[in-house]
Amino acid sequence: MARRADQPVTVRVPATSANLGPGFDSLGLALSLHDTVRARVLPSGLQVTVTGAGADELERGEGHLVIRAMRAAFEVIGAQPPGIEIFCGNDVPQGFGLGSSAAAIVSGVLAARALAGADADAALPDDAVLQLACELEGHPDNIAACLLGGLTISWAPEAGARAARLTPLAGLAPVLCVPAVPLSTHAARRALPAQVPHADAAANSARAALLIAALTLQPDLLLAGTEDFLHQSYRAAAMPATAALIERLRTAGIAAVVSGAGPSVLALTVSGTVPGPAEVASIAAEAGPLWRVLPLSVDTEGAVLLSD
């Protein structure tokens with residue numbers, strides 16, 4: 001298999017927010033906050049450079065998640081390169097419920113496929129990229145949104161992960177509120193019960209369906225559509241400041257949810273309406289100096305192979 005050893009490749013991947021309230025482990029939204037990975041094949045060895053988020057914490061060896069994803073992709077394609085060099089420019093906060101692990105996995109898989117040359121597309125087509133990335137991540141919600149952009153619905157039948165992409169409202173204006181201290185996804189999942197009442201499951205199903213309509217057709221339904229019955233209340237004790245800010249925002253009429261497993265808060269506002277992004281910032285400021293407020297847009301491209 002011919003590799004483009006003398007030609008580095010660059011992949012840009014978006015942050016993602018999963019769940020969006022009631023869409024537990026199924027809904028995802030791509031956001032205009034990105035990580036960028038530049039990779040090339042070396043004659044030998046391994047070189048990892050990281051700037052931005054995680055630069056002081058991430059390991060620089062084979063355990064780096066981008067490298068692990070690249071190795072897995074090269075294995076599927078059929079050959080490992082003699083050496084790898086990557087430069088990671090990270091803008092996606094890590095450990096805050098914004099899909100940083102999905103971003104690393106997707107960028108690694110796509111970088112490996114690009115480095116392996118034209119034949120790699122047949123060995124690892126787009127649907128296989130989704131499957132492999134989901135196997136590495138363990139669940140499809142962030143992976144689907146990172147790969148496809150926009151609003152995604154993902155599910156995992158026996159045959160493997162699947163995803164459908166929807167185009168959200170043009171005026172959708174997500175606002176992130178990121179606290180100072182992260183929370184591991186594992187810790188957040190430990191707070192969930194093994195079972196929930198049937199009435200809660202039924203109510204959550206209705207809200208998830210309503211949320212799709214709200215995000216694509218009727219923004220006036222966003223507050224009702226983001227009401228969750230499956231996970232947020234159980235996680236509140238592990239992230240009390242997150243729960244308190246969500247309550248403040250929702251009381252003000254703003255559709256706010258835990259972003260992924262938290263502890264970030266995602267507010268779904270609509271441009272030109274009140275309450276909007278400015279009100280989110282004001283309420284977060286009233287909640288204390290803990291919150292960094294990031295007005296964003298929806299990333300509609302997903303993962304992109306950039307021209308060098």
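Read-outs: derived from the displayed coordinates by stated rules, not from any lab. As the structure is a prediction and not an experimental result, all values here were calculated from the model. Backbone-built Cβ (ideal geometry, glycine too); neighbour counts: all protein chains shown.
Points to keep in mind about this one:
- A full extension of the chain between Ala156 and His139 corresponds to an added length of 5.3 nm, given 0.36 nm per residue minus the alpha carbon distance.
- Inter-site label distance for Thr273 and Glu62 at 7 Å from Cα along Cβ, in nm: 5.2
- At q = 0.16 Å⁻¹, base-10 log of I(q)/I(0) for the range 1-146 (Debye sum, equal scatterers on each alpha carbon): -0.79
- Ser297 versus Leu46: modelled label distance in nm, points set 7 Å from Cα along the beta carbon direction: 3.9
- Mean sequence separation of contacting Cα pairs (under 8 Å, at least six apart), scaled by the length of the range 22-164, corresponds to a relative contact order of 32 percent.
- Efficiency of FRET from Cβ geometry, Arg190 and Glu75, R₀ 35 Å, rounded to 0.05: 0.65
- DSSP-assigned coil residues among GluC sites (Glu not before Pro) in the range 61-130, each with at most 12 further Cβ atoms within 10 Å: Glu62
- The phi torsions of the range 31-36, fed into the Karplus equation with coefficients 6.51, -1.76 and 1.60 and a -60° offset, translate into couplings of 10, 7, 9, 10, 9, 10 Hz, rounded to whole numbers, with Gly and Pro shown as x.
- If R0 is taken as 41 Å, the Cβ-Cβ distance between Thr167 and Asp200 corresponds to a FRET efficiency of 0.85.
- Across the chain, C-alpha contacts under 8 Å between residues 6 or more apart give a mean separation that, scaled by the residue count, equals a relative contact order of 25 percent.
- Taken over the Cα atoms of the range 213-308, the convex hull encloses 148 Å³ per residue.
- Length gained when the stretch Asp119-Ala180 is fully extended (0.36 nm per residue, less Cα-Cα span): 17.5 nm
- The ellipsoid that matches the Cα gyration tensor of the range 64-110 has semi-axes, each √(5λ) in whole angstrom, of 23, 11, 7, with the longest given first.
- Between the amide H of Thr269 and those of Ala173, Val175, distances stay under 5 Å, these residues lying 5 or more places away or on another chain, with hydrogens modeled in the peptide plane.
- Quarter of Cα convex hull surface for the chain, i.e. mean projection, nm²: 15.7
- Helix 198-216 and the longest principal axis of the Cα set of the chain meet at an angle near 70°.
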